[in-house]
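The values are calculated or read from the model by the stated rules, or taken from the named source; none is laboratory data. From a predicted model like this one, the values you see are computed outputs, not experimental measurements. With ideal geometry, Cβ positions are generated from the backbone for all residues, glycine too; neighbour counts draw on all protein chains shown. Quick note on the areas: whole protein, heavy atoms, side chains included, nothing else; ligands and nucleic acids left out. Shrake-Rupley method; radii C 1.70, N 1.55, O 1.52, S 1.80 Å.
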Amino acid sequence: PARLAVLTSGGDAQGMNAAVRGVARTAMSRGAEVFAVYEGYQGLVDGGDAIRRFAWGDAGNILGRGGTSIGTFRSKEFRTRQGRLKAAKNLVERGIDRLVVIGGDGSLTGLDAFRAEWPGLMDELADAGLISPEMAAAHPALMIAGLVGSIDNDLVGTDTTIGADSALHRIVDAIDAITATAASHQRCFVIEVMGRHCGYLALMSAIAGGADYVLIPELPPADGWEEQMCAELRRGRAAGRRESIVVVAEGAQDRTGEPITSEYVRATISRINGEDARLTNLGHVQRGGKPSAYDRWASTWLGYSAALEALTAGPATEGVVLGIRGSEIVRLPLAEAVARTRRVPELIAAGDYDAAMGLRNEDFTD
Ligand code: F6P
């Protein structure tokens, strides 16, 4: 039978467990032998007990849990060829040549590099006498499928990534809670949210939470924005609003590319409006906790699709990442999806905001 491994990598995201379960149980039901790699790529490099047989029951009781039950890691060693050589040896020794990775853009880039290098790694291992030539010949290619696990919702060409919906729910809950206390005291709160280079969580939570002002990386404000923001907040108060809420994406920046920190926003409001503005950085509560219903069913569907992709794909010249666009699962060329994703902040830095947004929404489905 085919042997398939699944791992989670990079920052954890709610729904990763549902995806792992979907991958594992789909592959098992198709007759494959399934392995879970613990602690992300580091587990691949370390081998031993980090690569374990995964049985049907191992995927039990994880669907509704946050985080990733098979662990994750930002592995430096896997980024080196030496690390990937160890990883290839650990896989091929177990007869595994199909791999599903659930992670962010860095993790997916690593996956594609590993796939492309695989034949060379096999030759090197066989030449060094670390595996037999027969073993190398029996596994000429690594068949892969990538899934985007990241609360940031930043992969170009897809509408949602695993975890973004749950994080958004968590943020909106927090905004609701802060709004209540802010209104009681007639206070202004600045709320910092995650998202790295992507303003999705900030913008959507600002709309859903009824915030007064939002700062996102994609649309750096024009000079004088501080005065304009403070005037906006005063206008709300004058109209009878008891609280002011400003959402700041952690990647917010001005037009020169200088970060706009949430503390700067807080201090600016205090200074200009003469208020005791407060700051709440939501931090990792956005990532922990239960996955939403959407993140459970969508990740199950993605996991199912990724298992089929990895099981049926032959040796390929390019890796594939699966995502959701509209109400469909789409296959995207992995390297191109990552390259486009990385181009977005470059276009923003160059001041070409329209091109950046256009790129993010473009359809380049395989
Ligand atoms: O990419 C997911 C993410 O949560 C980002 O939004 C955030 O910038 C980063 O990871 C935080 O990473 P860490 O948990 O390693 O501090």
To the nearest 20 debye, what charge dipole does the stretch 253-331 have about its Cα centre, counting +1 at the Cβ of each Lys and Arg and -1 at the Cβ of each Asp and Glu?
200
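What percentage of all Cα-Cα pairs in the stretch 140-242 are separated by more than 21 Å? Don't jump to the answer; show the numbers that get you there.
Working: 2410 of 5253 pairs.
Tail of the P(r) past 21 Å holds 46 percent of the pairs.
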Helices from the chain with mean Kyte-Doolittle at least 0.0 and a Cα length along the axis of 20 Å or more, per DSSP H: which?
164-185, 293-312, 334-349
Find the centroid of the Cα atoms in the stretch 150-191 and in the stretch 317-366, then give the distance between the two in whole Å.
24
So what is log10(I(q)/I(0)) for the stretch 197-236 at q = 0.29, 0.30 1/Å, when the Debye sum runs over its Cα atoms only?
-1.02, -1.04
Ordering S69, S292 by accessible area with a probe of 1.4 Å, largest first, what comes out?
S69, S292
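Hey, with R₀ at 22 Å, roughly what FRET efficiency would D276 and E227 work out to, going by the Cβ-Cβ distance, to 0.05?
Numbers: r = 20 Å, r/R0 = 0.89.
So the FRET efficiency works out to roughly 0.65.
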How much FRET efficiency would the formula 1/(1 + (r/R0)^6) give for R53 and A238, where r is the Cβ-Cβ distance and R0 is 56 Å, rounded to 0.05?
0.30
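Expressed as a fraction of 2.2 N^0.38 Å, the rule-of-thumb size for a compact globular protein of N residues, what is the C-alpha radius of gyration of the stretch 70-153? All intermediate terms of the calculation are to be shown ahead of the outcome.
Working: Rg = 13.3 Å, N = 84, 2.2 N^0.38 = 11.8 Å.
So the Cα radius of gyration is 1.12 times the expected 2.2 N^0.38 Å.
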Could you check how many percent of all C-alpha pairs in the stretch 258-357 are farther apart than 17 Å?
73
Determine, for each peptide in 274-287, 135-148, 1-14, the mean count of other beta carbons within 10 angstrom over its residues, then list the peptides with the highest first.
1-14, 135-148, 274-287
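Using a Förster distance of 22 angstrom, determine the FRET efficiency expected from the C-beta separation of I207 and D366, and round it to 0.05. Display every interim value, and only then the final one.
Numbers: r = 32 Å, r/R0 = 1.44.
Working from the Cβ atoms, E equals 0.10.
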Net charge dipole size for the chain [Lys, Arg +1 and Asp, Glu -1 on Cβ; Debye, nearest 20]:
980
Under 17 Å Cα to Cα from K76, which lysines show up? Leave out anything in the same chain fewer than 8 places away.
K86
How long is the chain along each principal axis, judged by its Cα atoms, biggest number first, in Å?
78, 43, 34
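What percent antiparallel are the DSSP beta bridges of the chain, to the nearest 5?
Numbers: 11 of 42 bridges.
So the antiparallel bridges amount to about 25 percent of the total.
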In the stretch 31-174, how does Rg compare with the Kirkwood Rh, expressed as the Rg/Rh ratio over alpha carbon atoms?
1.01
Report Rg (one decimal) and Dmax (nearest whole number) for the stretch 213-308, counting Cα atoms only, units Å.
18.4, 59
